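What follows is a set of notes on a single structure, which appears directly below.
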Amino acid sequence: MTVTPDAIKQLKQEVGIAAAKRVKSGMVVGLGTGSTTAYAIEELGARLASGELKDIIGIPTSFSAAILAKKYGVPVRTLDDVDRIDVAIDGADEVDPAKNLIKGGGAAHTREKVVDSLAALFIVVVDESKLVQKLGSTFAVPVEILPMAIAPVTKAIEKLGGKPELRLAIKKDGPIITDQGNFVLDVTFADIPDPAELEKTLNNIPGVLENGLFVGVTDIVLVGEFKDGKPMIREF
């Protein structure tokens with residue numbers, strides 16, 4: 001079948017709703033950033049409004065996630081206000097068979113990694129187009145950097161075999177600015193044989209705040225896919 005934009009939207013909506021249904025009353029919930037997670041936040045708001053869900057606290061991973069949570073009536077707090085995160089729901093740009101991820105298409109990967117890593121249960125929500133056999137197959141690795149360090153970080157990444165490109169804003173001249181006030185380099189690698197090692201190596205470059213490789217963090221992946229022309233949700 002031909003997968004239309006409306007069909008992809010339906011998959012994202014259904015997988016986001018499925019993840020939100022796993023949240024129980026009294027939980028502290030990490031609220032990820034992105035189009036699929038937006039549906040999860042909307043569903044959490046609907047469950048709260050209906051009385052099906054009570055007393056949850058949302059920990060947003062970005063300014064945009066906080067705005068969505070407030071729009072749909074999900075109470076938000078910061079990490080200063082909680083002593084745990086029961087579950088985090090977030091999307092991904094790539095997912096490999098070992099449940100390792102590339103994230104950062106929305107330039108929120110630094111806060112996402114903090115929140116998602118703290119969660120007792122981290123649920124990744126994606127449509128089937130995000131599944132890859134090897135990380136880096138379809139998506140560059142986002143690297144958040146301090147603006148003053150762009151030249152030395154670029155050189156260091158090039159020595160590692162990466163091809164960094166400064167992410168530019170849309171409808172605004174100049175680079176994307178993260179919620180932390182930093183730049184993002186999108187780094188293309190010909191091969192990523194060891195994602196865990198590359199994650200550490202990139203983060204050890206002075207001037208790098210965080211990168212979009214999420215290794216050994218994911219507990220559950222919910223995948224929206226079409227089987228016999230019908231939308232289905234698969235867990236792995």
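The values are calculated or read from the model by the stated rules, or taken from the named source; none is laboratory data. Everything quoted here is computed from the prediction, not taken from an experiment. Using ideal geometry, Cβ is built from the backbone for each residue, glycine included, and neighbour counts are taken over all protein chains shown. The accessibility values were calculated without ligands, DNA or RNA, using every heavy atom of the protein model including side chains. Shrake-Rupley method; radii C 1.70, N 1.55, O 1.52, S 1.80 Å.
Here are a few things to note about the model shown:
- Cβ-placed point charges (K, R +1; D, E -1), dipole of the chain about Cα centre in debye, nearest 20: 360
- Two-decimal log10 I(q)/I(0) for the chain, as the Debye equation yields it once each C-alpha is a single scatterer, q = 0.08, 0.10, 0.16 Å⁻¹: -0.29, -0.46, -1.13
- Measuring r between the beta carbons of ARG22 and GLU165 and using R0 = 41 Å, the FRET efficiency lands at 0.65.
- With the simple model of a label 7 Å out from the Cα in the direction of the Cβ, VAL82 to GLN10 spans 3.3 nm.
- Counted by Cβ distance under 11 Å from GLY16, the other residues give a net charge of -2, where Lys and Arg count +1 and Asp and Glu count -1.
- Based on protein heavy atoms only, the chain ends up with 48 Å² per residue of surface accessible to a 1.4 Å probe.
- LEU146/ASP173 FRET efficiency (R0 30 Å; Cβ-Cβ; nearest 0.05): 0.90
- Convex hull per residue volume in Å³, alpha carbons only, for region 107-202: 134
- Fully extended contour minus Cα-Cα distance, from GLN180 to SER50, at 0.36 nm per residue: 43.3 nm
- For region 44-158, taking the reciprocal of the average inverse distance between every pair of different Cα atoms yields a Kirkwood hydrodynamic radius of 16.1 Å.
- Normalised by the number of residues in the chain, the mean separation of alpha-carbon contacts (under 8 Å, six or more apart) gives a relative contact order of 21 percent.
- Counting lysine pairs in region 94-197 whose alpha carbons fall under 12 angstrom apart, excluding pairs fewer than 8 residues apart on the same chain, gives 5.
- Around GLN133: net Lys/Arg minus Asp/Glu count, Cβ-Cβ under 11 Å: -1
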